[in-house]
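Student: Handing you a structure now.
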Amino acid sequence: MMMVVPLSIAAQHTLHDLTVNVELTDKGHATITEVRQMTVSDEGTEGYIVIGNLNGSRIVSMQVTDETGTKYVTEPDDWDVDRSRAEKANRCGIHSTGSGYELCWGLGKSGERTYTITYAISNLVKAYTDADGFNFMFVARNIKPVPQHVKVIISKKNGAINDENADIWAFGHYGNINFQDSCIVDETTSPLDNGASVIILSRFNKGLFHPEDSVAKSFDTVIEKAKEGSDYAEEEEDDSWIKMLIGCGVLGIGYVGLTKYRRKKLRKKLLGDEKLLPWYRDTPVKGQLLRANSIMKALYGGDSTTGNLMSAHILRLIYQQVITITMAPYGRNNELKKMLAIKTPNYSSGAAMTQDEELHREIHQLLYDAAGDDHILQPKELKRYIKDNALDLEPLVDLMNTTISGKFIEPKDAQQVVGLKKFLQEFTLTNERHVEEVGLWKEYLVFATLFGIGDQVRKDMKQMCPEYMEMDNVAKAMVEGNEEGMLFNNLIVTSAATHGIVSQAVSRSRGSGGSSSFGGGGGFSGGGSGGGVR
């Protein structure tokens, strides 16, 4: 039996892949090469690219080749759109419109086709008072057929574009924009449907280009307009570059970037011979996790302990019974399941707080806000909240990134912190066989979490003092991996990711790359609406 295929389906064009290579010259001109891999039907006569609103730029040349290597004839006069398919075959040209240009070429035969369209645009990169750059729509809205996949690669002829000399943002589609191999690469993660487009905003440091076209305004005004309606952050303050370095763990308050040699010298000064440092078996630095974390960063460098800091505060909140296990309905069938209940924050207003107390309060508030109106923290709710509110959580991450200069560290504080870590690492060498003070052992677990050795210390405690595990339901649950333990562990693991998620979002907003924003992109040049096949 012969299958009858509806004409509307049989006659459908498909644009499988669209790759746009943009090569920029030192003077800011661009040569753009589009490669379109298509299935071409019998309908229509030509392919075309819409480019409007050129803002002083011009299309200065065009040529087309296909998968056979045939170079199409470029017509010198305005392209005649009203010809037959046969008359347009192996020919291309530029059609002027009231708002810009249409770059046109004949479709020729049907089937699997690859068209390579190369054209030049003058003055794509313009000189602004504070930087050089562009905001350009490389793929227009409402192109038909819809591109299933788009990749835009922007390079500089005889030069490199990277995070040190440029900032990048992308709008109008779902995808990711990043610096790769000295280029800017923007790639979609879904087809360009529902009015999607590809708009790229790029800011370049002065000196990377020497544009011939100047604009008498700041490029910051271009960035500000493009970000309107997007999920990028508001315009940053003048010290944003410092905050960015702090947020990404690159720069502390004068100390994280110290050399390995200087840290070793500081440890010698504050600890003496580390091998001879005695154990410390009490709560160090009055239990201040933030200060202990800052001391460890000053002595050993890096910001890898920041996630552990968050986790340690979460564990302390659990021990304070701010976070408890409750039964609550979940899922489509409202089945009762064990979940985490978050108590309402209740802190004295106006009371002076240490930075550690402030951080503890902020982490509690984060969990409470993430839990929503029912105050029940459901699976994945915290991760989703952090991702959706990452930019608002920047002050929390800045607080977690607090550092301390070596000259402000007392030797006894450093010896307490490192001495406790040494004690916990060598816990099985002790002769402990009983519990003298449950509260102190809870603090051991909190600080072990800060030091990144919580799992091992819990196992050591179970081995050395099993009666403690019977008294400490939290530690027992986390060691045995039962349902309550899984809930606590998942919360701690998720919370530890906060720093990375927020730092990534801040970095993305400030132009270091990341996911694109579907909204925003206002003030763009180029592009428009339409294009594809007709």
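The values are calculated or read from the model by the stated rules, or taken from the named source; none is laboratory data. Note that the structure is a prediction, hence the values are computed from the model and not measured. Heads up, the Cβs are rebuilt from the backbone with ideal geometry, glycines too, and the neighbour counts pull from every protein chain shown. Remember, those area values only see protein heavy atoms, side chains included, never the ligands or the DNA or RNA. Shrake-Rupley method; radii C 1.70, N 1.55, O 1.52, S 1.80 Å.
Student: With every protein chain kept in place and ligands, DNA and RNA left out, what is the accessible area per residue of segment 424-534? Probe 1.4 Å, answer in Å². Could the numbers behind the result be given before it?
Tutor: Numbers: 4490 Å² over 111 residues.
The answer is 40 Å² per residue.
Student: Moving on. Taking the Cα centre of segment 437-534 as the origin, how large is its charge dipole in debye, to the nearest 20, when only Lys and Arg (+1) and Asp and Glu (-1) carry charge on their Cβ atoms?
Tutor: 940 debye
Student: Here's something else I'd like to know. If you take the charge dipole of the chain about its Cα centre, with +1 on Lys and Arg Cβ and -1 on Asp and Glu Cβ, which of SER84, GLN425, VAL198 is farthest toward its positive end?
Tutor: GLN425
Student: Hey, what angle do you get for helix 289-300 against the long axis of the chain, alpha-carbon based, 0 to 90 degrees rounded to 10?
Tutor: It is inclined by approximately 70 degrees.
Student: What lysines sit close enough to LYS71 to cross-link, taking a C-alpha to C-alpha distance under 21 Å and skipping anything fewer than 8 places away on the same chain?
Tutor: LYS88, LYS109
Student: Could you tell me the relative contact order of segment 1-159? Use alpha-carbon pairs under 8 Å, at least six residues apart, and round to a whole percent.
Tutor: 35 percent
Student: Defining a contact as two alpha carbons under 8 Å apart and six or more residues distant in sequence, what relative contact order in percent does the chain show?
Tutor: Result for the chain is 21 percent.
Student: For every helix of n ≥ 4 consecutive DSSP H residues, a contribution of -39,500 (n - 2.57) applies; sum these over the chain, divide by its total residues, and give [θ] at 222 nm rounded to the nearest 500 deg cm²/dmol.
Tutor: Working: 17 runs with 174 residues, N = 534.
About -9500 deg cm²/dmol.
Student: What pairs in LYS269/LYS476; LYS227/LYS383; LYS286/LYS337 have C-alpha atoms more than 32 Å from each other?
Tutor: LYS269/LYS476; LYS286/LYS337
Student: Still on this structure, please answer the following. In whole Å and largest first, what semi-axes does the C-alpha gyration tensor of the chain yield when each eigenvalue is scaled by 5 and square-rooted?
Tutor: Each semi-axis is the square root of five times an eigenvalue, giving 58, 29, 19 Å.
Student: Now for a separate question. I'd like the carbon and sulfur percentage of the solvent accessible area for the chain, probe radius 1.4 Å, heavy atoms only, ligands and nucleic acids excluded.
Tutor: Ligands and nucleic acids excluded, carbon and sulfur give 49 percent.
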